[in-house]
Amino acid sequence: MALVDARDDDYTVSFIRKSVVKATVTIPEPYMLTLSNLDLLSGRFPVTYFYIYHKAKHNSSSASIADELRKSLANCLSHFYPFAGRIISNTETHEPEIVCDNTGALFLEAQSSNSLKELDLYNLNKCLEGKLVPTNQEFPVQVQLTNYKCGGIIITFTFDHALGDASSFSKFLLMWSQIARKKSLSFSPDHRRYLLRARNPPIYNHSFDESFISCSLNDIHNISTPRTLVKRLYYIDTSSIDMLQKIVSIDGTKRTKIEAFSAYIWKIMVKAIDKGHKKCKMGWLVDGRTRICTYNEKVTENYIGNALSIAVGEASVSEIDQALLSDVAKKVHNAISKVTSAEHFLDLIDWIEWNKPGLMLSKIVLGQGGPAIVVSSGRRFPVAEVDFGFGSPVLGTVYSTIKKLGVGYINQRQGAKGDGSWTVSAILWPDMIEALESDSNHVFQPMTSNHLKL
């Protein structure tokens with residue numbers, strides 16, 4: 001893969017070096033890791049996180065920072081051995097599987113022509129698109145270190161979704177940062193994907209046929225996207241979050257911050273969709289860790305792999321438009337509650353077993369069933385903790401390189417300052433962006449360098 005500099009009207013990113021980082025501890029023989037049924041539900045989408053570090057204080061030279069990152073990454077891969085492997089297609093089932101052969105992770109170094117404070121962080125299309133080396137299918141983990149004139153850096157981490165979900169990647173980044181700072185490891189990753197095997201015989205509620213569908217990687221790459229989607233980054237202050245939660249928590253019932261936030265988005269959404277639509281949907285990613293118990297073994301929070309389902313709420317446009325925010329929050333709560341049981345996840349695993357071989361996906365993500373927005377909560381995802389020895393980041397969030405998506409997507413992260421504020425990454429259609437930004441409550445504030453004190 002040749003490194004090609006990225007240029008636009010504002011600044012240039014020059015790619016300096018690429019290298020492959022292998023795990024320091026190798027196993028005697030390569031082995032094949034079969035993916036779980038919930039891994040087949042991931043969609044194989046690339047997942048990218050980016051972290052901004054205002055001043056890299058590890059050493060004066062960027063080369064030493066890169067060297068230290070590579071060294072600690074090699075040690076981390078020894079604990080996350082599948083992440084140093086290759087993902088191939090099984091010749092019989094055509095399902096992906098991981099060859100644990102220590103191929104390694106791809107590490108790239110780049111130099112930007114501008115300073116961090118000059119970045120248009122709000123417009124992610126402009127800020128990062130084209131500034132990252134395209135995903136290399138040979139390496140399911142790809143890291144890019146970009147140095148800026150001001151002495152700051154941005155590190156992006158790109159993962160193949162078959163490796164795991166947000167919880168898995170958060171554990172990876174947390175352990176890597178602990179190793180880099182020579183701290184005691186706070187957990188041991190659990191790579192036993194067989195824990196999510198189907199029951200014998202597999203049984204499930206046939207309502208799953210209405211929510212999920214079997215598909216191919218080609219179907220996913222060619223998702224019908226009827227509207228242009230734009231990528232934006234927002235700051236939400238603590239007072240706005242608390243205000244929404246207070247409004248929806250009535251009659252002695254306290255709603256969560258995500259339930260309140262989702263209700264607010266749903267109310268805005270009905271003002272921003274084509275008038276011809278009578279119904280609309282919201283979706284929420286739900287983690288099955290600590291809920292799933294198979295064959296008397298519980299799936300713990302240290303499980304590495306995909307363990308997600310999706311809750312879907314549907315309502316008529318007029319119903320949401322006319323309802324009180326607290327009533328919409330109740331709908332959100334009821335929809336999420338339906339997929340939080342162990343039985344739901346066991347049924348989902350069995351449904352996938354019945355519909356194999358192939359990949360699976362939620363119909364809402366494929367864009368089937370009308371306008372929809374999926375909300376992903378990253379409240380447990382580490383931000384300030386991702387310190388590699390040169391200070392905590394001023395921002396940590398998710399960025400998507402996906403070109404086509406059948407649904408709007410909103411991802412929430414805790415702010416790096418730890419003051420209760422949120423960073424929200426959004427992939428939405430222009431009318432929805434305009435509706436959020438023009439709302440009189442001003443909950444969604446376009447992210448600027450001032451918010452990060454750059």
Q: Within segment 309-325, track down each residue that is part of a strand (DSSP E or B) and either open to solvent by 40 Å² or more (accessible area, probe 1.4 Å) or in contact with a helix residue (DSSP H, G or I) (Cβ under 7 Å, 6 or more places away or on another chain) (or both).
A: Ser309, Ala311, Val312, Gly313, Glu314, Ala315
Q: Kindly indicate the residue of segment 330-373 that is at pLDDT 90 or above and small (Gly, Ala, Ser) and also nearest to His221 (Cα to Cα) among those meeting that condition.
A: Ser362
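To keep it simple, each residue is scored yes or no on (1) farther than 30 Å from Cys293 by Cβ; (2) among the hydrophobic types (A, V, I, L, M, F, W, C).
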position	(1), (2)
Cys150	yes, yes
Asp165	no, no
Phe172	no, yes
Gln178	no, no
Ser186	no, no
Pro189	no, no
Phe208	no, yes
Ile213	no, yes
Q) For Tyr194, all conditions in the list (1) of a type outside the set (A, V, I, L, M); (2) open to solvent by 40 Å² or more (accessible area, probe 1.4 Å); (3) within 26 Å of His54 (Cα to Cα); (4) in a helix (DSSP H, G or I) hold save one; what is the number of the exception? A) (3)
Q. Restricting attention to segment 354-371, does a residue exist that is surrounded by 18 or more Cβ atoms within 10 Å (Cβ to Cβ), of a type in the set (Ser, Thr, Tyr) and within 23 Å of the chain's Cα centre (by Cα)?
A. yes
Q: Test Gly283 against the stated conditions and say whether it is more than 19 Å from the chain's Cα centre (by Cα) and of a type in the set (Gly, Ala, Ser).
A: no
**Q.** Tabulated pairs, segment 340-369, first within 17 Å of Gly283 (Cα to Cα) and among the hydrophobic types (A, V, I, L, M, F, W, C), second assigned to a helix (DSSP H, G or I) and open to solvent by less than 20 Å² (accessible area, probe 1.4 Å), C-beta under 6 angstrom, 6+ apart or interchain
**A.** Met360/Leu40; Met360/Ile352
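The rows are residues; the columns are (1) within 19 Å of the chain's Cα centre (by Cα); (2) free of Cβ contacts under 8 Å to residues at least 60 places away in the same chain.
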{"site": "Pro46", "(1), (2)": "yes, no"}
{"site": "Ser78", "(1), (2)": "no, yes"}
{"site": "Thr103", "(1), (2)": "no, no"}
{"site": "Asp120", "(1), (2)": "no, no"}
{"site": "Phe139", "(1), (2)": "yes, no"}
**Q.** Test: Gly415 is under 19 Å from the mean Cα position of the chain (by Cα), open to solvent by less than 50 Å² (accessible area, probe 1.4 Å), over 20 Å from Val230 (Cα atoms) and not acidic (Asp, Glu)
**A.** yes
(Q) Take Glu385 and tell me if it is part of a loop (DSSP other than H, G, I, E, B), open to solvent by 10 Å² or more (accessible area, probe 1.4 Å) and modelled with pLDDT of 95 or more. (A) yes
Q. For segment 102-119, how many residues meet the condition of being of a type outside the set (S, T, N, Q) and surrounded by fewer than 16 Cβ atoms within 10 Å (Cβ to Cβ)?
A. 1
Q: Tell me which residues, restricted to segment 293-308, are surrounded by fewer than 20 Cβ atoms within 10 Å (Cβ to Cβ) and on the phi > 0 side of the Ramachandran plot.
A: Tyr295, Asn296
Q) Which residues, taken from segment 388-405, are small (Gly, Ala, Ser), within 25 Å of Asp160 (Cβ to Cβ) and surrounded by fewer than 23 Cβ atoms within 10 Å (Cβ to Cβ)? A) Ser400
Q) Across segment 70-121, what is the number of residues that are farther than 23 Å from Leu185 by Cβ, in a helix (DSSP H, G or I) and of a type outside the set (A, V, I, L, M)? A) 2
Q: Working carefully through the options Ser168, Ser177, find the one that is in contact with an Asp or Glu (Cβ under 6 Å, 6 or more places away or on another chain), open to solvent by less than 10 Å² (accessible area, probe 1.4 Å) and either without any contact (Cβ under 8 Å) to a residue 60 or more places away in the chain or assigned to a helix (DSSP H, G or I) (or both).
A: Ser177
Q. All but one of (1) surrounded by 14 or more Cβ atoms within 10 Å (Cβ to Cβ); (2) under 25 Å from the mean Cα position of the chain (by Cα) hold for Thr290; which doesn't?
A. (1)
Q: Just need a number here: residues in segment 237-272 that are within 22 Å of Asn334 (Cβ to Cβ) and not in a helix (DSSP H, G or I).
A: 9
Q | Thr238 vs. criteria under 28 Å from Asp419 (Cα atoms) and either modelled with pLDDT under 95 or of a type outside the set (Asp, Glu) (or both) | A | yes
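The values are calculated or read from the model by the stated rules, or taken from the named source; none is laboratory data. Treat the numbers as computed from the prediction; the structure is a model and nothing was measured. So basically every Cβ, Gly included, is an ideal-geometry build from the backbone, and we count neighbours across all protein chains shown. Side chains included, ligands, DNA and RNA excluded: accessible areas come from the protein's heavy atoms. Shrake-Rupley method; radii C 1.70, N 1.55, O 1.52, S 1.80 Å.
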